[in-house]
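These notes are about the structure you will find just below.
The values are calculated or read from the model by the stated rules, or taken from the named source; none is laboratory data. In this text, all values refer to a predicted model and were calculated from it rather than measured experimentally. Here the Cβ is made from the backbone with ideal geometry for all residues, glycine too, and neighbour counts use every protein chain on show. To get the accessible areas, we keep the full protein, side chains included, count just its heavy atoms, and leave off ligands, DNA and RNA. Shrake-Rupley method; radii C 1.70, N 1.55, O 1.52, S 1.80 Å.
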Amino acid sequence: MEFSHVVRRRRMIRNYDPDRAVPDDVLATVLGHAVRAPSAGFSQGWDFVVLRTAAEREAFWAATTDPASEPDNWLLGIRHAPCLIVCCSSPGAYLDRYAESDKGWTDRDEARWPVPYWDVDTGMAALLMLLTAVDQELGGLFFGVPVEHLEAAREALAIPADRNLVGVVALGYPAPDRRSPSLRRGRRPVEQVAHAGRFGTPLELG
């Protein structure tokens, strides 16, 4: 995959053609790249719940939206996506891995971890899905489940209690879409976010 080319073309798609399913071979490529994401200790503590049928997707949307509220344009467009991939992480897989002899943290204490790398690594897997989607001429979007709907989503999808629901990747063929108004904020340039040696020292590149 030519990632530099893909990154230039990538943007989040918020509306999809509901009549064009994601082909099996394309979905296999998307998931095949996802499982090549880096993970601490090669723990690979991720699971992906793939929702492809109308009934599966409707169960997800019923669990994660308020039926009493009128859906906005964002939700109307996302609900057209023919494929949703719910990305879950497993803290236990990492705690178990780092309790092994070559790591040696036998107490399995989450406090040893500066950040929850199980969620970070699952996010990297989701990003590989999005990059692959563009490479396969698909559109994609990563979004989160509102906190107040997390338990309902877990129940609807039978997600075990020991998994974190990190987010959802929507996939499909793009339909006419409007750009996010948030893009008016502009992209922070490299010279504003890259620091040389210590925070606050500008990085100068030739």
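Looking at segment 92-100, is at least one residue in contact with a Leu (Cβ under 7 Å, 6 or more places away or on another chain), part of a helix (DSSP H, G or I) and open to solvent by less than 70 Å² (accessible area, probe 1.4 Å)?
Start the filter on segment 92-100 by keeping residues that are in contact with a Leu (Cβ under 7 Å, 6 or more places away or on another chain), which leaves none.
No - not one qualifying residue is present in segment 92-100.
Being more than 18 Å from Leu138 (Cβ to Cβ) and not in a strand (DSSP E or B) is the filter here, so list the residues in segment 163-178 that pass it. Outline the logic, then answer.
Going through segment 163-178, the residues more than 18 Å from Leu138 (Cβ to Cβ) turn out to be 163-166, 178.
Within segment 163-178, Arg163, Arg178 qualify.
Taking the options Ser39, Ser43, name whichever one is in contact with a Lys or Arg (Cβ under 8 Å, 6 or more places away or on another chain) and touching a residue at least 24 places away in the same chain (Cβ under 8 Å). Full working, then the answer.
Details: Ser39 fails: in contact with a Lys or Arg (Cβ under 8 Å, 6 or more places away or on another chain).
It is Ser43.
Pick from segment 154-195 the residues that are of a type in the set (Asp, Glu) and closer than 28 Å to Val22 by Cα: which of them is most open to solvent (accessible area, probe 1.4 Å)?
Step one: of segment 154-195, the residues of a type in the set (Asp, Glu) are 155, 162, 177, 191.
From what is left, the residues that are closer than 28 Å to Val22 by Cα are 155, 177.
Working: Glu155: 152, Asp177: 51 Å².
Result: Glu155.
Restricting to segment 44-54, give me the number of residues that are outside any strand (DSSP E or B), on the phi < 0 side of the Ramachandran plot and open to solvent by 20 Å² or more (accessible area, probe 1.4 Å). Steps first, please.
From segment 44-54, those outside any strand (DSSP E or B) are 44-45, 52-54; that's our starting set.
Subsequent filtering for residues that are on the phi < 0 side of the Ramachandran plot retains 45, 52-54.
If we keep only those that are open to solvent by 20 Å² or more (accessible area, probe 1.4 Å) too, we end up with 52-54.
Residues flagged as outside any strand (DSSP E or B), on the phi < 0 side of the Ramachandran plot and open to solvent by 20 Å² or more (accessible area, probe 1.4 Å) within segment 44-54 amount to 3.
Listed here are the residues, each with its yes/no results for (1) in contact with a His (Cβ under 6 Å, 6 or more places away or on another chain); (2) farther than 24 Å from Leu127 by Cα.
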{"site": "Pro18", "(1), (2)": "yes, no"}
{"site": "Leu27", "(1), (2)": "no, no"}
{"site": "Ala34", "(1), (2)": "no, no"}
{"site": "Ser43", "(1), (2)": "no, no"}
{"site": "Ala68", "(1), (2)": "no, yes"}
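Only one residue in Leu130, Leu141 is of a type outside the set (Val, Ile, Thr), within 16 Å of Met12 (Cβ to Cβ) and out of contact with any helix residue (DSSP H, G or I) (no Cβ under 8 Å at 6 or more places or on another chain). Which one?
Working: Leu141 fails: out of contact with any helix residue (DSSP H, G or I) (no Cβ under 8 Å at 6 or more places or on another chain).
Only one candidate passes the filter, namely Leu130.
Could you list, in sequence order, all residues of segment 118-153 that are buried (at least 19 other Cβ atoms within 10 Å of the Cβ), among the charged types (D, E, K, R) and in a loop (DSSP other than H, G, I, E, B)?
Result: no residue meets the conditions.
With the requirement that a residue be modelled with pLDDT of 95 or more and open to solvent by 70 Å² or more (accessible area, probe 1.4 Å), what does segment 55-73 give you?
Ala55, Glu56, Glu58, listed by residue number.
List the pairs whose first member sits in segment 94-108 and is more than 14 Å from Ser39 (Cα to Cα), whose second member is of a type outside the set (Lys, Arg) and open to solvent by 80 Å² or more (accessible area, probe 1.4 Å), and whose Cβ atoms are under 8 Å apart, counting only residues at least 6 apart or on separate chains?
Within 8 Å, the pairs are Ala99/Trp105; Ala99/Thr106; Ala99/Asp107; Arg108/Asp96.
Quick one: in segment 1-39, of everything that is modelled with pLDDT under 95 and in a helix (DSSP H, G or I), which residue is least open to solvent (accessible area, probe 1.4 Å)?
So the residue we want is Val6.
I'd like to know if segment 82-89 contains one or more residues that are surrounded by fewer than 19 Cβ atoms within 10 Å (Cβ to Cβ) and either in contact with a Ser or Thr (Cβ under 9 Å, 6 or more places away or on another chain) or of a type in the set (A, V, I, L, M) (or both).
So the first thing to find is which residues in segment 82-89 are surrounded by fewer than 19 Cβ atoms within 10 Å (Cβ to Cβ), and the list is none.
Looking for residues that are surrounded by fewer than 19 Cβ atoms within 10 Å (Cβ to Cβ) and either in contact with a Ser or Thr (Cβ under 9 Å, 6 or more places away or on another chain) or of a type in the set (A, V, I, L, M) (or both), one finds none in segment 82-89, hence no.
Being closer than 20 Å to Asp177 by Cβ and free of Cβ contacts under 8 Å to residues at least 40 places away in the same chain narrows it down to one of Asp66, Asp72, Asp25, so name that one.
On the way: Asp66 fails: closer than 20 Å to Asp177 by Cβ; Asp25 fails: closer than 20 Å to Asp177 by Cβ.
Of Asp66, Asp72, Asp25, the one residue that is closer than 20 Å to Asp177 by Cβ and free of Cβ contacts under 8 Å to residues at least 40 places away in the same chain is Asp72.
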